[in-house]
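The values are calculated or read from the model by the stated rules, or taken from the named source; none is laboratory data. All values reported here derive from a predicted model rather than from experimental measurement. Glycine gets a Cβ as well: all are built from the backbone with ideal geometry, and neighbour counts include every protein chain shown.
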Amino acid sequence: MYKKVRYILLGIGLLALLLSGCGRELTTQEKLDKAKEYASEQKVDKALKLANEVVVEDATNADGYVVLSELYKLQQQPEKAEQVLELGLESTNAGNIFLAPLKDAYLKKFEASRWHGGKELVDSVIADVDGDKKPEIIILQGNPTSLGENGEYENIDLFVFNPRTKTIVYERGDSDIMTGLPSKLIVGDFTGDGIADVKAAVGLGGSAGGSFDTLISYQQGQLVNLFNQETVLFDIATTVASGDRLLISSDLLEQYLYIDLTAEQKAQESRSIGWKSFVRVAVRTSDDTYALKESFTVFGPLHYSDFIAEVEVNYAFKSGKFVPMQLNVNSMNGQAVIKGEKPKMLVLDEEFPKQIIKGNIPGLNVSLGMKKTEVSSILGKQTGNFYYEGGDFYQFEQATDIAFCFSAAIESEDSLFSLLIYQDHLQNLTFKDVVKAMGEPESQGVDEMLGEYYYDYHYGDTGVYFYASNESSNLSSMTILRK
């Protein structure tokens, strides 16, 4: 009898223990495991309830968002499935888990849009390119050419597609006329603002990048292409100086480098040089950031592969522009790279009017009325000359992007009376900067011959003229003329 009662008491105790366990609240992980179990049993409603509880209890639980998204797919609710993945991408540090399924979902939407047009997908990436913490998909597509097996495409499109509004928020305007070899899209922060940029390039004629080179970036509330003439300050000049030396110079970096030509190169009747293999590349600086680098080779007078130098320029993004930070030059003809004096640059400030009325050119250490030999003694050897509007203009080693005229067609007097100035540091200025330094102009308007907007100043018998494509754009050139 005693044993029977003991067994009954044990049974009651075990039942009480089991009942107390059934009343315990499930942990977040247990809820997630149970949701997966329900899903495998096709009990989707029960699974959805638990999966929703998981992400409410732990907003950083990446697996919870993935399971919840898959459950919405089982319920044929692709929009909700996509929204859950976007929320998970925004709320967790496990972004890579969400990128692949989001990319698939976005691609399906794009392929159903009118912009797809049946073209072949070359590459696609997803990234938040406008800083709203929700990704867009960037599409590079085209039609394979007859050489398609080599990766060449024609009628290439570059789109940024917003999957939530199903609209194109950026497109490369001239991309559909391009034919070439596309490179993989590169996603990363090139500008230092913490927002992803996207670099796209298509090699034209075997030269990587060519005229199709794009960096999609969110600037001042809109997506723009930063790779254009106004945002990449390329100021590297190359010329053959007197004495048969290649001159490579940068006004912005104040670098002035020489490479002697070889005896065989010097023996050629022509001293012509050229550039080849211009490449603009992204250089990874960390997991999510990139810097910009450009390089090209300079070939000499013997033939197209008669290389003299390899030039490399490293940029940093500052105040809305890519600014040269470092110039590297390697000799390719066996001659040494020799550093010279820094180039002279014209100085435009409040002192300019006081100096120009005396005939002095601030920053260049020369004056109107000087002979050519006197200017050469200050600015170095002559590097080139050309004929322009009735006068012979000469260029000198230490004043790149400035031309000097000592005589006009009607006079042969050896006296400096005109300068054409197009140095890059001036091309960063606007007419507002000119007015700040020199006051209001005597006249302004459109030059009918040049088709450019001008500001006109007079100091005695000397005129100073500034030109730009329009009144609000950066300066294109400056002229000083003694009448």
Residue, modelled with the highest pLDDT, within the stretch 368-388, restricted to residues that are under 37 Å from the mean Cα position of the chain (by Cα) and part of a loop (DSSP other than H, G, I, E, B):
380
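I'd like the residue in the stretch 86-123 that is part of a helix (DSSP H, G or I) and aromatic (Phe, Trp, Tyr) and, out of all such residues, is farthest from residue 182 (Cα to Cα). Full working, then the answer.
Of the stretch 86-123, the ones part of a helix (DSSP H, G or I) are 86-91, 95-111.
Subset that is aromatic (Phe, Trp, Tyr): 98, 106, 110.
Details: 98: 27, 106: 22, 110: 20 Å.
The extreme case among them is 98.
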Collect the residues in the stretch 212-223 that are within 19 Å of residue 315 (Cα to Cα) and either in contact with a Pro (Cβ under 6 Å, 6 or more places away or on another chain) or surrounded by fewer than 17 Cβ atoms within 10 Å (Cβ to Cβ) (or both), keeping them in residue-number order.
219
Of all the residues that make up the stretch 141-160, how many are assigned to a strand (DSSP E or B) and either modelled with pLDDT under 95 or more than 26 Å from the chain's Cα centre (by Cα) (or both)?
10
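Residue 99: touching a residue at least 24 places away in the same chain (Cβ under 8 Å) and under 26 Å from residue 52 (Cα atoms), yes or no?
Numbers: touching a residue at least 24 places away in the same chain (Cβ under 8 Å): yes; under 26 Å from residue 52 (Cα atoms): yes.
Answer is yes for this residue.
Could you go through the stretch 343-352 and let me know if any residue there is touching a residue at least 40 places away in the same chain (Cβ under 8 Å), over 30 Å from residue 442 (Cα atoms) and in contact with a strand residue (DSSP E or B) (Cβ under 7 Å, 6 or more places away or on another chain).
Going through the stretch 343-352, the residues touching a residue at least 40 places away in the same chain (Cβ under 8 Å) turn out to be 343-346, 348-350, 352.
Add one more test, that the residue is over 30 Å from residue 442 (Cα atoms), and what stays is 343.
Those still in the list that are in contact with a strand residue (DSSP E or B) (Cβ under 7 Å, 6 or more places away or on another chain) too: 343.
Scanning the stretch 343-352 turns up at least one residue that is touching a residue at least 40 places away in the same chain (Cβ under 8 Å), over 30 Å from residue 442 (Cα atoms) and in contact with a strand residue (DSSP E or B) (Cβ under 7 Å, 6 or more places away or on another chain).
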Would you confirm, using the coordinates I've provided, whether residue 414 is in contact (Cβ under 8 Å) with a residue 40 or more places away in the chain, acidic (Asp, Glu) and in contact with a Ser or Thr (Cβ under 7 Å, 6 or more places away or on another chain)?
yes
Considering the stretch 120-129 alone, what residues qualify as being crowded, with 18+ Cβ neighbours inside 10 Å and over 26 Å from residue 193 (Cβ atoms)?
122
If we keep just the residues of the stretch 264-283 that are within 20 Å of residue 334 (Cβ to Cβ) and basic (Lys, Arg), which is surrounded by the fewest Cβ atoms within 10 Å (Cβ to Cβ)?
276
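Taking the residues in the stretch 416-429 that are part of a loop (DSSP other than H, G, I, E, B) and either within 24 Å of residue 231 (Cβ to Cβ) or out of contact with any Phe, Trp or Tyr (no Cβ under 6 Å at 6 or more places or on another chain) (or both) as candidates, determine which candidate is modelled with the lowest pLDDT. Working first, answer last.
Within the stretch 416-429, the subset part of a loop (DSSP other than H, G, I, E, B) is 416-417, 422-425, 429.
From what is left, the residues that are either within 24 Å of residue 231 (Cβ to Cβ) or out of contact with any Phe, Trp or Tyr (no Cβ under 6 Å at 6 or more places or on another chain) (or both) are 417, 422-425, 429.
On the way: 417: 91, 422: 88, 423: 84, 424: 75, 425: 80, 429: 92.
Residue satisfying both the conditions and the ranking: 424.
It is to be established whether one or more residues within the stretch 236-253 are polar (S, T, N, Q), modelled with pLDDT of 85 or more, over 13 Å from residue 299 (Cα atoms) and surrounded by 16 or more Cβ atoms within 10 Å (Cβ to Cβ).
Filtering the stretch 236-253 down to residues polar (S, T, N, Q) leaves 238-239, 242, 249-250.
With the extra rule that they be modelled with pLDDT of 85 or more, the set shrinks to 238, 249-250.
When the remaining residues are screened for being over 13 Å from residue 299 (Cα atoms), the result is 249-250.
Next, only the ones that are surrounded by 16 or more Cβ atoms within 10 Å (Cβ to Cβ) stay: 249-250.
Scanning the stretch 236-253 turns up at least one residue that is polar (S, T, N, Q), modelled with pLDDT of 85 or more, over 13 Å from residue 299 (Cα atoms) and surrounded by 16 or more Cβ atoms within 10 Å (Cβ to Cβ).
Within the stretch 441-451, does at least one residue satisfy the condition of being on the phi > 0 side of the Ramachandran plot and in contact (Cβ under 8 Å) with a residue 40 or more places away in the chain? I'd like the intermediate steps shown before the answer.
Residues of the stretch 441-451 on the phi > 0 side of the Ramachandran plot: 445, 451.
With in contact (Cβ under 8 Å) with a residue 40 or more places away in the chain added as a condition, the list becomes none.
Looking through the stretch 441-451, none of the residues is on the phi > 0 side of the Ramachandran plot and in contact (Cβ under 8 Å) with a residue 40 or more places away in the chain.
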Residue identified as surrounded by 13 or more Cβ atoms within 10 Å (Cβ to Cβ) and part of a helix (DSSP H, G or I) among 432, 436:
436
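Test residue 370 against the stated conditions and say whether it is over 30 Å from residue 185 (Cβ atoms), without any contact (Cβ under 8 Å) to a residue 60 or more places away in the chain and in the same structural domain as residue 262 (by TED's automatic domain parsing).
Numbers: over 30 Å from residue 185 (Cβ atoms): yes; without any contact (Cβ under 8 Å) to a residue 60 or more places away in the chain: yes; in the same structural domain as residue 262 (by TED's automatic domain parsing): no.
So residue 370 fails the test.
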Only listed residue being closer than 30 Å to residue 198 by Cβ and loosely packed, with under 14 Cβ neighbours inside 10 Å, chosen from 286, 295:
286
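Of the residues 386, 466, 417, which is touching a Lys or Arg at 6+ places or on another chain (Cβ under 9 Å) and of a type in the set (Phe, Trp, Tyr)?
Working: 386 fails: touching a Lys or Arg at 6+ places or on another chain (Cβ under 9 Å); 466 fails: touching a Lys or Arg at 6+ places or on another chain (Cβ under 9 Å).
Result of the check over 386, 466, 417: 417.
Please return the ranges of strands (runs of 3 or more DSSP E) entirely within the stretch 278-340 where 2 or more residues are within 16 Å of the chain's Cα centre (by Cα).
Ranges flagged: 290-299, 307-318, 321-331.
Do we find that residue 398 is of a type in the set (S, T, N, Q), in a loop (DSSP other than H, G, I, E, B), touching a residue at least 60 places away in the same chain (Cβ under 8 Å) and closer than 21 Å to residue 462 by Cα in this structure? Explain how you work it out, then say what you get.
Numbers: of a type in the set (S, T, N, Q): yes; in a loop (DSSP other than H, G, I, E, B): yes; touching a residue at least 60 places away in the same chain (Cβ under 8 Å): yes; closer than 21 Å to residue 462 by Cα: no.
Considered against the rule, which asks whether it is of a type in the set (S, T, N, Q), in a loop (DSSP other than H, G, I, E, B), touching a residue at least 60 places away in the same chain (Cβ under 8 Å) and closer than 21 Å to residue 462 by Cα, residue 398 comes out as no.
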Test for residue 40: is it small (Gly, Ala, Ser) and not assigned by TED's automatic domain parsing to the domain that holds residue 155:
yes
